[in-house]
Amino acid sequence: MISSKMRPLVENNSVIRMMFEEGKVMAAKYGAENVFDFSLGNPNVPAPEEVKQAILDILENEDPVKVHGYMSNAGFPETRAAIAENLNRRFGTSFSERNIIMTVGAASGLNILLKTMLEPGNEVIALAPYFVEYGNYVRNYDGKLVVISSNPEGGFMPRLDELEQKITPKTKALIINNPNNPTGVIYPAEVIEQLAAVLEKKQKEYGTVIYMIADEPYRELAYGGADVPYLTKFYANTLVGYSYSKSLSLPGERIGYVVIPDESDGAQEFIDAAVIANRVSGSVNAPSLIQLVIARCVDAQCNVGYYERNGRTLYEALTKMGFECVEPQGAFYLWMKSPVADEKAFVAAAKKHNILFVPGSSFAGPGYVRISYCVSYEQIERSLPAFEALAKEYF
Ligand code: PLP
């Protein structure tokens, strides 16, 4: 018999995953080229060639016992040192390998950070609309997710007055996902400064530590050279969770890291505890071969321009058809207003045209839908007549 903690998870199984499965069934029925699946954030741009070359070279030339073996729980020292050096060079930080722990993607990184910091009943704040798994991750450690709304008129920036009201003595962290899934917006430096100022004020008021957790799988997917502020520079109690799932198109390889800066509260104790959290949560040792790949490919880049072109093409076409969309600045998601209040009805209408996208209520953003455009450009082009037919139902 399953536990009572699992029961609601089974009942509310991810809408996104279900749509992805449904898309596969529809593709078998109608032909893959006639189904326009924009449901899942699974990168279609291939991993950079350097990644493949590094894998081949490591397998050919490195000691197989090392390549496939356990390593120290925080990860290979050379990988962590390469990451620290990369971050210091790009963001003017002063990390060393000590501050970096390799993780099984961002999902595991966030879980480790939360496991390390949360007492039962502690609160973690998310800025709506947000990645739906945050609630599950927080509940894993008997914490409570508190949601702050954002301002659609102001480019989906968080409502600072609401943040200030909702921080309590139990607040342990604020998660910031930048560039954002699902809106595709980038929170600029001035917004980060404002958020940091509220946290600083509340830390002082309550005499507590409130972490800012930067969830950064999309950091490198910023368009037109847009600046994605590096949060440790804005707020001392910042912890970073990074992933190569999207930036190097390696989601199935499960590789990422967390950064615990020396400036953060009780840093060394937190680092030691997070390494143990990594072990006892069962994700001990992030995949070894890919850790060694990262050490060699730390400066590699995927083709961000491909996503940018997809996003721009969809944005321009859908806007012209009459849909209201948020102009994409990064990540690979287009956030579109549903032409009817119940966006689930709109999602169902789109499905009749073989278009699959995700209702915004899955991200605490009802009235909107998320269109995930990490798909081939050809799929975008082929889907436009179907979107046109959908638009005709409303405008
Ligand atoms: N955070 C956000 C905002 C995401 O969108 C995702 C995945 O889509 C993750 C975390 C988890 O990423 P990973 O594959 O690195 O575990």
Report Rg(Cα)/(2.2 N^0.38 Å) for the stretch 262-342, keeping two decimals. 1.81
So, in nm, how far is label N13 from label K29 when the simple model puts each one 7 Å beyond its Cα toward the Cβ? 1.8
Full-extension gain between S4 and K392, please, as 0.36 nm times their residue separation minus the C-alpha to C-alpha distance. 135.1 nm
Could you point to the residue in G105, N13, F395 farthest towards the positive end of the chain's charge dipole, with +1 and -1 charges on the Cβ of Lys/Arg and Asp/Glu respectively? N13
Would you grab the residues whose amide H sits under 5 Å from the one on T103? Only those 5+ places off in sequence or on another chain, please, with H modelled 1.01 Å from N. G256, Y257, V258
Note on the chain, DSSP bridge orientation, antiparallel percent to nearest 5 equals 50
The stretch 1-110 - convex hull of alpha carbons, volume per residue in Å³: 239
To the nearest 20 Debye, how big is the dipole of the stretch 241-332 about its Cα centre, given +1 on the beta carbon of each Lys and Arg and -1 on that of each Asp and Glu? 540
What list of ³J(HN,Hα) couplings, whole Hz, do you get for the stretch 39-51 from phi and the Karplus terms 6.51, -1.76, 1.60, once you set θ to phi - 60° and write x for glycine and proline? 8, 9, x, 9, x, 9, 6, x, 4, x, 4, 4, 5
Counting other beta carbons within 10 Å of each Cβ, put E220, E269, E78 in order, fewest first. E269, E78, E220
For the chain, state the average projected area of the convex hull of the C-alpha atoms over all orientations, rounded to one decimal in nm². 20.1
Decide, for the stretch 177-220, between rounded, prolate and oblate: order the square roots of the alpha carbon gyration tensor eigenvalues as a ≥ b ≥ c, take rounded if a/c falls under 1.5, and otherwise choose prolate if a/b is larger than b/c, else oblate. prolate
What is the dipole size for the stretch 106-158, taken about its Cα centre, with +1 at each Lys and Arg Cβ and -1 at each Asp and Glu Cβ, in debye to the nearest 20? 100
Quote the charge dipole size of the chain about the Cα centre in Debye, to the nearest 20; the model charges only the Cβ of Lys and Arg (+1) and of Asp and Glu (-1). 880
Could you give the length gained on full extension between E200 and V340, defined as 0.36 nm per residue of separation minus the Cα-Cα distance, in nm? 46.4 nm
Beyond 17 Å, the calculated P(r) of the stretch 163-274 holds a percent of Cα-Cα pairs equal to 58
Here, the stretch 269-395 modelled as identical Cα point scatterers in vacuum has Debye log10 I(q)/I(0) at q = 0.15, 0.20 Å⁻¹ of -0.77, -1.05
If R0 = 45 Å, then E153 and S72, at their Cβ-Cβ distance, give a FRET efficiency to the nearest 0.05 of 0.35
Only helices counted: for the chain, with every DSSP H run of 4 or more residues adding -39500 (n - 2.57) and the sum spread over all residues, [θ] at 222 nm is -12500 deg cm²/dmol
Taking only Cα atoms and a 10 Å spring cutoff, compute GNM fluctuations for the chain and point out the largest among G75, G241, G225. G225
For the stretch 183-197, just list the computed ³J(HN,Hα) in residue order, Karplus coefficients 6.51, -1.76 and 1.60, θ = phi - 60°, integers in Hz, with x standing in for Gly and Pro. 7, x, 8, 10, 6, x, 3, 5, 5, 4, 4, 5, 5, 4, 5
Distance between the C-alpha centers of the stretch 139-211 and the stretch 342-395? Whole Å please. 29
What distance in nm separates the simple spin-label points at A348 and L289, each placed 7 Å from Cα in the Cβ direction? 4.6
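Just so you know, all these numbers are worked out from the coordinates, no wet-lab data involved. These numbers were taken from a predicted model, which means no experiment stands behind them. Cβ atoms come from the backbone with ideal geometry, glycine included; neighbour counts cover every protein chain shown.
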